[in-house]
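One structure is given here, and the rest of the page talks about it.
No lab work stands behind these numbers, since they all come straight from the coordinates. Predicted model only: the values in this text are computed from it and were never measured. Neighbour counts are summed over all protein chains in view; Cβ atoms, including those assigned to glycine, are modelled from backbone coordinates with ideal geometry.
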Amino acid sequence: MNFHPIAAADLGATLGGIAFWTVLLAGWVALFVATIVSIVRAGLSRRSLTRWILLVALAPGIGILLWFAAGRCQPCTG
């Protein structure tokens, strides 16, 4: 079976693209899960816990950024 050289090059680019997006998606899922775990372990009130989880689930990009920038208590007092 003979493959056309352009088809072989396209296959390499396609597989490279699939690998890139798979790694990117896996990283995003890992960051999402790490954020949810961090929220659950933060010792927040039930209301705050629910609000943070909803924010991260409904607006994951901004929710994750907000949680790690402002949501975690630095030295949790109380």
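Data for the structure
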| quantity | calculated |
| --- | --- |
| Scope the range 12-61; condition among the charged types (D, E, K, R) and either assigned to a helix (DSSP H, G or I) or within 13 Å of the chain's Cα centre (by Cα) (or both); matching residues | 46, 47, 51 |
| Residue ID - surrounded by the fewest Cβ atoms within 10 Å (Cβ to Cβ), chosen from residues in the range 56-65 that are of a type in the set (A, V, I, L, M, F, W, C) and touching a helix residue (DSSP H, G or I) at 6+ places or on another chain (Cβ under 7 Å) | 64 |
